[in-house]
Amino acid sequence: MTVSYVIAAGHAQVGDLVATARILSERVIGLVVGPETVARQVAQAGLDQVLWLGQPGQSALEAFAPAVAEIVRAQPGHVLAGRRSADRVLLGAAAAAIDALLVVGPTELAAEGDLTLVTAPVNGGLALSTVAFSGPLACLLDGGPVPDGPAGPIQSASGPLAEIGLVSLQPAASQTVDVAAAPRVVGIGGGLKSAQDLGLVEALAQSLNAALGCSRPVAEGLGWLPKERYIGLSGAHIAPQLYVAVGISGQLQHMAGCRQSETIVAINIDPEAPIMAQADYVLPGDLYQIVPALTRALA
């Protein structure tokens, strides 16, 4: 592909996207939605050109999806975007316009003649798969900060807008916790007997100055914690200095989300639980005895 597009919807976190796009194409164009100040920041990322589509006014950033799709359809190429909600919508519109293959979180991309080599984790991160594709790709990646550099050219662009408007904005019922950003995390699983017993684990997390996370069934099945707290393949991916897994069996889906932790401590009544073989330290026994004892020792 001779051109790649980098989408920025209301932010300038495109540094890593631009670096990846340079591997794939000779020419890299930024498609920016939002304030002009964002376009000027994105222009410092080393792009060949920045197309600024403007601000949405009373509409949401996602309203620019048809305009982005129209630009990419006129000159098809690879499309890259970050993981924010508006970025994903605009990326999806562009991918649909050119029948691009969607790739989520590849660890490596490389151009080889008319093919693009895509390396991505499979089986919950237990292995890496490299596949060769022809045609355009739509890639969802982490954006990364923009390095300091001279600003490239910015050109205003326009196109059709979708009829999308903000209906309401209100705070969430519970305080949001970014489990993935926490340096210490305590996770709770099915070994806890009831929601009333969460206080035991919360006290341990507080004594460690740690965020409280959980396995998927605790959030989605039982509803004891908000869904943004669950750790796993389709949930939060964490890489803390310390992860204490309390009453979590350690199935593949969960371990895919926590295997990057520097140190894993497992507390489980079942010494044969899968997590016991993958932890750095294991405390076999009843969490109702071990957790309060640990909390007292850390006080």
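Points worth noting:
- Taken residue by residue, region 239-249 has no member that is surrounded by fewer than 18 Cβ atoms within 10 Å (Cβ to Cβ) and part of a helix (DSSP H, G or I).
- Exactly one residue out of A93, A86, A132, A97 is open to solvent by less than 40 Å² (accessible area, probe 1.4 Å) and touching a strand residue (DSSP E or B) at 6+ places or on another chain (Cβ under 6 Å), and it is A86.
- Filtering region 99-124 to residues that are under 16 Å from the mean Cα position of the chain (by Cα), part of a loop (DSSP other than H, G, I, E, B) and on the phi > 0 side of the Ramachandran plot leaves only G105.
- Here region 30-47 is the region considered, the condition is being of a type in the set (S, T, N, Q) and within 16 Å of G144 (Cα to Cα), and the residue that is least open to solvent (accessible area, probe 1.4 Å) is Q44.
- Answer residue from region 209-238, given it is more than 15 Å from I264 (Cβ to Cβ) and of a type in the set (S, T, N, Q) and is least open to solvent (accessible area, probe 1.4 Å) among those: S234
- Against the list (1) surrounded by 19 or more Cβ atoms within 10 Å (Cβ to Cβ); (2) modelled with pLDDT of 95 or more; (3) acidic (D, E), the condition E70 fails is (1).
- Candidates are the residues of region 256-296 that are outside any loop (DSSP other than H, G, I, E, B) and open to solvent by 80 Å² or more (accessible area, probe 1.4 Å); the one that is farthest from G189 (Cα to Cα) is R296.
The values are calculated or read from the model by the stated rules, or taken from the named source; none is laboratory data. A quick note: this is a predicted structure, and the numbers were derived from the prediction, not measured. Please note: Cβ atoms are built from the backbone with ideal geometry, for glycine as well, and neighbour counts cover all protein chains shown. The accessibility values were calculated without ligands, DNA or RNA, using every heavy atom of the protein model including side chains. Shrake-Rupley method; radii C 1.70, N 1.55, O 1.52, S 1.80 Å.
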